[in-house]
Amino acid sequence: MVAVAAAVAATAGLLSQSGGALGQTAGTAAPAAVQATPLQQQLDALLADSRFQGSQVGLVVRDATTGETLYDRNGATRLLPASNTKLFSSAAAMETLGAGYKFHTDVLATAPVRDGKLRGDIYLKGYGDPTALESDYVDLAKQVAKSGVKRISGDLVADDTYFDKVRLGDSWAWDDEPFYYSAQISALTLAPDTDYDSGTAIVESLPGGTVGAPVKLALVPANGVLKLVNTATTGAAGSANTLNVERDHGTNIVRVTGSVPAGATVGQDWVTVWEPALYAADVFKRALAAEGVRVDGRIRPAAAPAAAQQLARDESMTVGELMNPFMKLSNNMHAETLVKAMGAVVKANGNWPTGLGVVTEYAKSVGVPTSTIRLSDGSGLSRKVNVTAQSVTDLLLATQQEPWFQQWYDALPIAGNPNRFVGGTLRSRMANTPAANNLRGKTGSLTGVTALSGYVSTKDGRKLVFSMISNNYLVTPRPVEDAVGVTLASWTDQAPVATIKPDTSRSALAAEDTCGGNEWVKPC
């Protein structure tokens, strides 16, 4: 890895490439001599960290108003961005779907209702709502009951044809499949919580009454699709909690193993569902029964006839409102649903290639050089995604001119703010530093990948955009990533700035691992 000063010396001079010192105006002529600015020297020193030996890192810092480049280390190098991919998919969704767009779920029928009986099938048709909760299906059931239906002679048909049948993204790993961050994408789905983890259910656990007794389990929401196979037992008080909840590939059999110590409080484990449309239909059928509406037939998947008439409808929050849980908690399923929805709405084809084409078209329209990057999914779970730090800063600069920018900007995690829906995946990072409640950015986490890109204001009040992407390391450089953020937030042209050193304390690293610093850990 070559430092910025050395890299630019090999070309025509550092400042002609980087745009000059932090306080230099865009029109000032670059000096002839090659000389790193104090900011560049500090960032070079941080990126000389031994964690980067044998790995790759790209870092670009630019003035948020002028676009002037203040620092560029490997800014044109394609790297794996993990969840920084969501910057592209979220911005495209705000523009192409619109901040006011709402998903919906319909209940349809072709047969008339006579004397309380619907003589035929009833259809539950999804249009991609990733925020649909059990309570929404209860509301749909209430609407059906209010329409006068007491009995349905046919089947309950689950229609998820608004999207294609490809459930998992390009190159998603098989061993991620049971876990909440890798749920199947369906136009008809269900979330068990107000994080809106669509396509998952929660397995709740409690210790049994005596040591050795089976662990008590419950599904949230209750459903007949997931089948729990429980061999977990109750351990002695104070013993380790080794409970493991994992779904068998290709099935809805969930095996619960391990031990829960006596006296433990309710535990929660998220598990993905095989074919979420049938899961949603099962919960809806239970809601119908609770409202006194009987379905004689079975649940089956099929497309609703074009002539089917609407009996009930549920609408989601707006896309603008969805940005907060999506971006704060880095929800992969929201990203992929938005991608397929863009394909369906803009191109009448709800699949990944079409939706990603819409995302790419938007990025290109705002000046991102899309011929130099590759988007393979909307969330960054795919290991085929390649972007550059430069392209990310191009996007961050462009979004500032969009009418929806403020709502999107507000949805970015805020460093060091402990509120879960404010700080998001940055809530345990850069606390009690000048970056806290200042830096807003999108995190990214995969094995061997960490990224942080966003906005930060210097001590002088100058707003910057930045993107840092690190790949193929063995020891996480996230403390360096944070030190870069703190350095930018601390910077002033008025006086020398003390060198910021990476925080490698055990408490800092533990806080990141347990509270969402790694996005594959369910945020606390």
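Inter-part distance, the range 125-195 to the range 412-440, computed on C-alpha centroids, equals 33 Å.
Close amide H pairs (under 5 Å, H built 1.01 Å from N) link residue 503 with 483, residues at least 5 positions away or on another chain. A simple count of charges around residue 94, restricted to other residues whose Cβ falls under 15 Å of its Cβ and scoring Lys, Arg +1 and Asp, Glu -1, yields -2. Of all complete DSSP H helices in the chain, not one has a Cα span along the helix axis of 27 Å or greater and a mean Kyte-Doolittle hydropathy of -0.5 or more.
Both radii come from the Cα set of the range 201-270: Rg as radius of gyration, Rh as Kirkwood radius; their ratio Rg/Rh reads 0.97. For the range 233-336, the alpha-carbon radius of gyration amounts to 1.53 times the rule-of-thumb value 2.2 N^0.38 Å expected for a compact globular protein.
Note on the chain: antiparallel DSSP beta bridges, both residues inside, total approximately 75 percent of the bridges counted.
Could you pull out every residue, at least 5 positions away or on a different chain, whose amide H is within less than 5 Å of the one on residue 235? Hs are placed 1.01 Å off N in the peptide plane, and Pro or chain starts have none. Excluding prolines and chain starts, which carry no amide H, the hits are 212, 260, 262. Counted over all Cα-Cα pairs of the range 42-125, pairs farther apart than 20 Å make up 67 percent.
Classified by the C-alpha gyration tensor, the chain has a prolate form. Its axis ratio a/c, with a ≥ b ≥ c, is 1.5 or above, and a/b is larger than b/c.
Taking a sphere under 11 Å around the Cβ of residue 162 and counting the other residues whose Cβ falls inside, with K and R at +1 and D and E at -1, yields a net charge of -3.
Could you list, in their original order, any pairs among 102/442; 340/384; 102/384; 165/347; 216/285 whose Cα atoms are separated by more than 28 Å? Exceeds cut-off: 102/384. A simple count of charges around residue 410, restricted to other residues whose Cβ falls under 12 Å of its Cβ and scoring Lys, Arg +1 and Asp, Glu -1, yields +1.
Every read-out reported here was derived from the displayed coordinates using simple, explicitly stated rules and does not represent laboratory data. Quick caveat, the model's predicted, so the values are computed rather than measured. Every residue, glycine as well, gets a Cβ built from its backbone with ideal geometry; the counts of neighbours run over all protein chains shown.
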